[in-house]
Amino acid sequence: MLEIIDVSRSFGDFRALDQVNLKIESGEFFTLLGPSGCGKTTLLRCIAGFEQIDSGKILLDGRPLTDIAPEKRPIHTVFQSYALFPHMTVAENIAFPLRMAKLDKTEISRRVAEVLEDVRLPDKANHYPDALSGGQKQRIAIARALVNRPRLLLLDEPLSALDAKLREQMQIELINLQQEVGITFIYVTHDQGEALALSHRIAVMNQGNISQIDEPSVIYSYPKNRFVADFIGQCNLIEGRLEGWESGWRFAIPGLDSIPVQNNNEAFSSGQDCALSLRPEKIRLASRLDASPDECLFSGTVHDMLYLGDVTVYIVELGNGLQVEALLANSAPGRTRLFEKGDAVQIAWRHDAGHLVN
Ligand code: ATP
């Protein structure tokens, strides 16, 4: 539905977007995710038409958008700041784009009532924005953007002003709303948890480029490179060298035994320096472990720990000085830790638990 082909945009000497390519399907909840300054908002603004592109093409349903003025594009943007008119009621705010489009009064009332149902605020029609909570203002801003049925809804960090609990509630509402209305959403966030929770697919951006486009579970389990592995969730990145053996692939970690690994799609060749990305929750930790034949086992000492309520993070130092993060759930009430600093422990992980990245 939306195709972004070789799009570049510079500000002076600075390349904010560097030949970006992207295809978004109709009805997708698609997220642009990346650290501050990677170019997410610039890309969104180029799609909306608030920003010119220097080169490349943006096509909507096969037609170039480049020469269409922002207000003529079938695209709406929801900003973090809500941008509601304070002197208008909720119903007047939502009706505003329809009045601009000169729809008749009955049609306007019908559509306003319908979209207020969609965002579950039918009883707020006659309230002023000042009388609404942050979450309600955000829902009204989304209602106003949806009311004249855009092909694409762009959302720029819409939940970042809300507290953690309300954010989670709004995330669930956004997923349900997008399913109900079936409109394509392009969502910008720097919050990896939010991207994983909301999206059908995610584009991870870094310095004006796209590092990986995939479904959330693929991005999490099979990151394409160190940047994606490190940016999405907690990750151990263990440096080493891949060795091809007759019996399968092994990964040589300097100062430790080499261990069997999976080389997915044989993407790496023997002798190549790379890193093993390993999520902390894939690592077993105990004072003594009986490793199964499909696991590798290391001994180490507890170097540090961090109590997070549901889990405690342990930093375990292995013989070569390598530090590995592992998690243990705090299932016993009142217990914050099972081990103390300096305790001798063992860690183990399945040979297929890690994923090679370069
Ligand atoms: P954030 O999450 O902080 O909003 P972002 O990924 O959305 O970051 P952009 O707002 O797209 O990043 O900005 C990308 C880069 O381009 C930044 O370094 C920014 O300073 C720069 N930039 C954006 N707009 C302009 C502008 N109008 N003039 C000059 N530089 C700009």
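The values are calculated or read from the model by the stated rules, or taken from the named source; none is laboratory data. Just so we're clear, the structure is a prediction, and the values are computed from it rather than from any experiment. FYI the Cβ positions are ideal-geometry reconstructions off the backbone, even for glycines, and counts take in every protein chain you see. Just the protein is used for accessible areas: all its heavy atoms, side chains included, with ligands, DNA and RNA removed. Shrake-Rupley method; radii C 1.70, N 1.55, O 1.52, S 1.80 Å.
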> When segment 159-194 is examined, which residues are found to be away from the ligand (no atom under 16 Å from the Cβ), open to solvent by 40 Å² or more (accessible area, probe 1.4 Å) and either of a type in the set (Gly, Ala, Ser) or touching a Phe, Trp or Tyr at 6+ places or on another chain (Cβ under 9 Å) (or both)?
Replying inline: Ala164, Ile175, Gln179, Gly182
>> Can you confirm whether Pro223 is open to solvent by 50 Å² or more (accessible area, probe 1.4 Å), farther than 29 Å from Ser81 by Cβ and either of a type outside the set (Lys, Arg) or more than 16 Å from the ligand (Cβ to nearest atom) (or both)?
In response: no
>> What's the number of the only condition in (1) touching a residue at least 24 places away in the same chain (Cβ under 8 Å); (2) part of a helix (DSSP H, G or I) that Arg99 fails to meet?
In response: (1)
> Could you list, in sequence order, the residues of segment 313-338 that are within 27 Å of the chain's Cα centre (by Cα) and of a type in the set (Ser, Thr, Tyr)?
Replying inline: Tyr314
> Among (1) of a type in the set (A, V, I, L, M, F, W, C); (2) open to solvent by 50 Å² or more (accessible area, probe 1.4 Å); (3) closer than 28 Å to Phe227 by Cβ; (4) over 30 Å from the mean Cα position of the chain (by Cα), where does Leu256 come up short?
Replying inline: (2)
>> Of all residues being part of a strand (DSSP E or B) and open to solvent by 30 Å² or more (accessible area, probe 1.4 Å) in segment 11-53, which is nearest to the ligand (Cβ to nearest atom)? Just the residue, please.
In response: Phe11
> Out of all the residues in segment 297-306, which are buried (at least 18 other Cβ atoms within 10 Å of the Cβ) and within 21 Å of Phe251 (Cβ to Cβ)?
Replying inline: Phe298, Gly300
> Name the pairs whose Cβ atoms lie under 7 Å apart, with the first residue in segment 267-288 and among the β-branched types (Val, Ile, Thr), the second buried (at least 17 other Cβ atoms within 10 Å of the Cβ), and 6 or more positions between them or separate chains?
Replying inline: Ile283/Val324; Ile283/Ala326; Ile283/Ile347; Ile283/Trp349
> For Ala197, which of the numbered conditions (1) small (Gly, Ala, Ser); (2) more than 16 Å from the ligand (Cβ to nearest atom); (3) buried (at least 22 other Cβ atoms within 10 Å of the Cβ) fails to hold?
Replying inline: (3)
> Taking Ser8 and the conditions (1) more than 26 Å from the chain's Cα centre (by Cα); (2) open to solvent by less than 20 Å² (accessible area, probe 1.4 Å); (3) over 25 Å from Leu198 (Cα atoms), which numbered condition does it fall short on, given that it satisfies the others?
Replying inline: (1)
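Go through segment 54-87 and give me each residue that's among the hydrophobic types (A, V, I, L, M, F, W, C) and either within 16 Å of the ligand (Cβ to nearest atom) or in a loop (DSSP other than H, G, I, E, B) (or both). Lay out the reasoning, then the answer.
Looking only at segment 54-87, we keep the residues that are among the hydrophobic types (A, V, I, L, M, F, W, C), and these are 58-60, 65, 68-69, 75, 78-79, 83-85.
Of everything in segment 54-87, those that are among the hydrophobic types (A, V, I, L, M, F, W, C) and either within 16 Å of the ligand (Cβ to nearest atom) or in a loop (DSSP other than H, G, I, E, B) (or both) turn out to be Ile58, Leu65, Ile68, Ala69, Val78, Phe79, Ala83, Leu84, Phe85.
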> Tally time: how many residues in segment 197-220 are more than 16 Å from Phe185 (Cβ to Cβ), in a strand (DSSP E or B) and small (Gly, Ala, Ser)?
Replying inline: 1
>> Return the residues of segment 135-158 that are within 16 Å of the ligand (Cβ to nearest atom) and either surrounded by fewer than 22 Cβ atoms within 10 Å (Cβ to Cβ) or free of Cβ contacts under 8 Å to residues at least 60 places away in the same chain (or both); say none if nothing qualifies.
In response: Asp156, Glu157
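Select from segment 175-195 the residues that are part of a loop (DSSP other than H, G, I, E, B) and more than 8 Å from the chain's Cα centre (by Cα) and write down the one among them that is farthest from Met205 (Cα to Cα).
So the first thing to find is which residues in segment 175-195 are part of a loop (DSSP other than H, G, I, E, B), and the list is 182-183, 190-191.
Pick out the ones that are also more than 8 Å from the chain's Cα centre (by Cα) and you get 182-183.
Working: Gly182: 25, Ile183: 23 Å.
So the residue we want is Gly182.
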> Just checking, how many residues over segment 307-335 are exposed (fewer than 12 other Cβ atoms within 10 Å of the Cβ) and of a type in the set (S, T, N, Q)?
Replying inline: 2
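Here are Ile140, Ile108: which of them is closer than 22 Å to Gln178 by Cβ and assigned to a helix (DSSP H, G or I)?
Values: Ile108 fails: closer than 22 Å to Gln178 by Cβ.
Among Ile140, Ile108, only Ile140 is closer than 22 Å to Gln178 by Cβ and assigned to a helix (DSSP H, G or I).
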> If you go through segment 259-276 one residue at a time, do you hit one that is touching a Pro at 6+ places or on another chain (Cβ under 8 Å), surrounded by fewer than 16 Cβ atoms within 10 Å (Cβ to Cβ) and of a type in the set (Gly, Ala, Ser)?
Replying inline: no
